[in-house]
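Before any comments, here is the structure.
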Amino acid sequence: MRVSRLMLVTLRDDPAEAEIPSHKLLLRAGYIRRVGSGIYAYLPLLWRVLQKISAIVREELNATGALETLLPQLQPAELWQRSGRWAGYTAGEGIMFHLEDRQGRELGLGPTHEEVITALAGDLLRSYRQLPVNLYQIQTKFRDEIRPRFGLMRGREFIMKDAYSFHADEACLRQTYAAMDQAYRRIFSRCGLRAVAVEADSGAIGGSASQEFMVTADAGEDLILASADGLYAANQERAVSLPGEAQPLTGGVRGDGLGEPLATPGQSSIDDLCAAHGFEPSHTVKVLALLARFEDGSQHPLLVSLRGDQQLNEVKLANAVTARLAPEHGTLLEIVPLAADAVSREGLDPLPFGFMGPHLSDALLAGARSWQPRFLRLADATATELEAFVCGANSVDAHLVGAAWGALCPLPDSLDLRAAQPGDRCVHDPAQVLQASRGIEVGHIFQLGRKYSEALEATFTNEAGQEEPLWMGCYGIGVSRLAQAAVEQHHDGNGICWPTAIAPYEVIVVIANVADEPQRELGEQLYAELEAAGVEVLLDDRSERAGVKFKDADLLGIPWRVVVGRGAAQGQVELVQRSVGERLELPASGLQSQLLPQLQRERAGLATA
Ligand code: ATP
Ligand code: MG
């Protein structure tokens, strides 16, 4: 391809709309253009990158026996109502674009395809003899993200590879899950990415395994916690750790466990309380009041107790609340802190914010206009394990010292609700501590179990002749996000350094001065020869200054540059490796023998540089 025919427009300066390096570089180098919020045009150069990533994905998935298919993006609401996800995906913070057709029927634009594929599987898969099956597609997905940002990283329209497997039993599901795990590792490594697999939150489905693949990069939106020995890595949403030891409370249990009142004027934070009275945060219990809203419109006050030195993990809390209340009230739409004005709108007396104890009475909720009149009470195990603690007295400017569970109030459900933190000791080996790094989630694999097949009545006849719901797994890769993540991992001050396996072109031949006959002739000749040898090659034939062309070549990030300049008359060219900047003068006649073996290795993803 000739650069003069490429519609290439590069930008010298960083566009104001971009914050992170990969987004800036893709815009500057003419790979993408913004069309609207979270909506991008993939220009021809990026389309080639996306095609190459897709080709690697196809090869690796086909090798596992998966079948490519293509499902509709327009999805009838009825399917999502049957799975119970319509409300959660369209109301409140739901991310599904949805519309009505001319007959007034509701439709959603596919953010994901569990419903469509499970309904199909239920129709087509009748017997255990047809199982297992693994279907995948590479397709545009739509999600009305609350905060679209960072270019292709979080778009509202983006390309995903999604796969769904169906099985007669859980053991078979685990096998396919393991095979997909291996395929994913090969895919990311062939794309030239350093990716780590981390334990991920499996949402409210419970029990099922789920793993995310993170490309490590400072600009990543996810926090990864991992042990130095490499044996544990998890998304912070999911991570577990050993909490620090609690400091015993001097004086222990007082007032038969009801605690002794202590005046604490204005000391509504744990820090102020501890500073004023010499307490340790680890022998206090802090109590958070929150409100959970559900699909059926019901609103449930929550009272969550944590040890004073611990932080709440909102994902763990949402899972715990869902497990308890969703069966009756439908999808959990959101959890928000209980605000003072919301309490007064309910016609209730103010809650003693900053001075609440776990014995806060349900009587305070009596007569609420729209809330359930009782708290769902949950506590992190670090709080329930305290024998004697300091907590709010449920009246402003007062705490209790030496309270104990049982005497003060019944022990609430004890769970893991705390956020693991960098520096925490690891569960698998207390000698290891968790270290933090940031990651970009490029893939997610999931043992779904039978949630969707039960909801959509997708059953098969097992060996014993009985009907049972299909076992199911699902597996995603963000293809367009992956392309940008590669740039985030592979760039320098001058531009992109594509790994060869996913570069839009492998070689760029730059004619330094197109007005110079020997240069132009040799450039054209090398271009034709490389193309004939099966190399993906660009020819920069523009009548720009050489410096401009070199800058653009660096910005574009083509792995190899052949400069045809003054030496052309003597048959000499220069070969430059983009990633390391290494230059080599060589006779044009020796170019192919120098370059082709190297390219062979790099295409296979075996490059070292
Ligand atoms: P995130 O937590 O980043 O919102 P997700 O967990 O909702 O992602 P999945 O439903 O697991 O995403 O989708 C599979 C893959 O699709 C993700 O691993 C990610 O690589 C990609 N992806 C998800 N949302 C977007 C988006 N808005 N823009 C680009 N890629 C996305
Ligand atoms: Mg995910």
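Probe 1.4 Å, all protein chains in place: accessible area of Phe188 in Å², nearest 10?
Near enough 0 Å² of accessible area.
Projected area of region 73-185, taken from the Cα convex hull and averaged over every viewing direction, in nm²? Please report the intermediate quantities before stating the final value.
Details: hull surface 35.8 nm².
Dividing the Cα hull surface by four gives the mean projection, 9.0 nm².
If you rank Tyr42, Tyr164 by how much accessible surface each has, with a 1.4 Å probe, what is the order from largest down? Please report the intermediate quantities before stating the final value.
Values: Tyr42 60, Tyr164 5 Å².
Largest accessible area first, the list is Tyr42, Tyr164.
Mind jotting down the distance between the C-alpha centroids of region 580-607 and region 413-476, whole Å?
The distance from the Cα centre of region 413-476 to that of region 580-607 comes to 44 Å.
Take every DSSP beta bridge with both residues inside region 343-488 and express the antiparallel ones as a percent of the total, to the nearest 5. Numbers along the way, then the final one.
Values: 14 of 17 bridges.
Around 80 percent of the beta bridges assigned by DSSP in region 343-488 are antiparallel ones.
Jot down the radius of gyration and Dmax of region 408-528, Cα atoms only, both in angstrom.
Radius of gyration, then largest Cα-Cα span, for region 408-528: 28.0, 93 Å.
Just to verify a number: what accessible area does Ser579 come out at with the full protein assembly present, 1.4 Å probe, Å² rounded to tens?
Estimated to the nearest 10 Å², Ser579 gives 60 Å².
Can you give the convex hull volume per residue for the Cα atoms of region 81-134, as a whole number of Å³?
Details: hull volume 5.8 nm³, N = 54.
Taking the convex hull of the Cα positions in region 81-134, it is 107 Å³ per residue.
For region 33-118, how big is the tail of P(r) above 21 Å, as a whole percent of Cα pairs? Kindly include the intermediate steps, with their values, before the conclusion.
Numbers: 1902 of 3655 pairs.
Result: 52 percent of Cα pairs exceed 21 Å.
Any idea what diffusion coefficient the chain gets from Stokes-Einstein, in µm²/s, Kirkwood Rh on alpha carbon pairs, 4 °C, 1.567 mPa s? Please list the in-between numbers first.
Numbers: Rh = 27.9 Å.
The diffusion coefficient I find is 46 µm²/s.
Between Leu71 and Gln466, what is the label-to-label distance in nm when each label sits 7 Å out along the Cα-to-Cβ direction?
2.8
Hey, how much of the P(r) for region 255-415 falls beyond 23 Å, as a percent of Cα pairs?
Numbers: 4785 of 12880 pairs.
The proportion of pairs with Cα distances above 23 Å equals 37 percent.
Counting only protein heavy atoms and using a 1.4 Å probe, what share of the accessible area of region 54-152 belongs to carbon plus sulfur, as a whole percent?
Details: 2440 of 4870 Å².
Ligands and nucleic acids excluded, carbon and sulfur reach 50 percent.
With axes computed from alpha carbons, what is the tilt in degrees of helix 170-190 against the longest principal axis of the chain, rounded to the nearest 10 within 0 to 90?
Taking Cα atoms only, the helix is inclined about 50 degrees.
Computed FRET efficiency, Cβ-Cβ of Asp416 and Glu19, R0 35 Å: what is it to the nearest 0.05?
Values: r = 34 Å, r/R0 = 0.98.
It comes to 0.55.
Rule-of-thumb check for region 153-245: C-alpha Rg over 2.2 N^0.38 Å?
Working: Rg = 15.2 Å, N = 93, 2.2 N^0.38 = 12.3 Å.
Its radius of gyration relative to the 2.2 N^0.38 Å reference: 1.23.
Using the basic label-point model (7 angstrom from Cα toward the beta carbon), what is the Asp181 to Arg129 distance in nanometres?
3.3
In region 505-603, carbon and sulfur make up what percent of the accessible area (probe 1.4 Å)?
Exposed carbon and sulfur together represent 46 percent of the surface.
Give the carbon-plus-sulfur fraction of the accessible surface of region 255-415 in %, rounded to a whole number; probe 1.4 Å, heavy atoms of protein chains only. Walk me through the numbers on the way to the answer.
Working: 3490 of 6820 Å².
About 51 percent, which is the carbon plus sulfur part of the accessible surface.
What is the spin-label model distance, in nm, from Asp349 to Ser298 if the labels are put 7 Å beyond Cα along the C-beta direction?
Going by the 7 Å Cα→Cβ label model, 2.7 nm.
Under a Cβ-Cβ cut-off of 14 Å, what is the net charge of the residues other than Gln432 that fall near it, where Lys and Arg count +1 and Asp and Glu count -1? Let's see the in-between values first.
On the way: positive: Arg425; negative: Asp229, Asp424, Asp429.
Counting the neighbours of Gln432, the net charge comes to -2.
Tell me, what is the per residue accessible area of the chain in Å², probe radius 1.4 Å?
Details: 26560 Å² over 609 residues.
Spelled out: the 1.4 Å probe surface of the chain, per residue, equals 44 Å².
Taking the Cβ of Arg566 as the centre, find all other residues whose Cβ is under 12 Å away and add up their charges (Lys, Arg: +1; Asp, Glu: -1). Can you show the working numbers first?
On the way: positive: none; negative: Asp516, Glu574, Glu585.
It works out to a net charge of -3.
Determine the percent antiparallel among the DSSP beta bridges restricted to the chain, to the nearest 5.
Details: 97 of 120 bridges.
Just about 80 percent of them are antiparallel.
Working with all protein chains in place, sort Arg156, Arg85, Arg425 by solvent-accessible area computed with a 1.4 Å probe, largest first.
Working: Arg156 55, Arg85 35, Arg425 85 Å².
Per-residue accessible area, sorted high to low, gives Arg425, Arg156, Arg85.
For region 505-603, restrict the atom set to alpha-carbon positions and state the Rg and Dmax in Å.
Calculated on Cα positions, Rg and Dmax stand at 12.1, 36 Å.
State the antiparallel share, in %, of DSSP beta bridges confined to region 505-603, rounding to the nearest 5.
Details: 10 of 19 bridges.
Antiparallel bridges make up about 55 percent of those DSSP assigns within region 505-603.
Just add up the charged neighbours of Glu463: K/R +1, D/E -1, any other residue whose Cβ is under 15 Å from the Cβ of Glu463.
Values: positive: Arg126, Arg129; negative: Asp169, Glu170, Glu467, Glu468.
Around Glu463, the charge tally is -2.
The values are calculated or read from the model by the stated rules, or taken from the named source; none is laboratory data. Quick caveat, the model's predicted, so the values are computed rather than measured. All Cβ positions, even for glycine, are placed from backbone atoms using ideal geometry, and neighbour counts span all protein chains on display. Please note that ligands, DNA and RNA were not included when accessible areas were found on the heavy atoms of the full protein model with its side chains. Shrake-Rupley method; radii C 1.70, N 1.55, O 1.52, S 1.80 Å.
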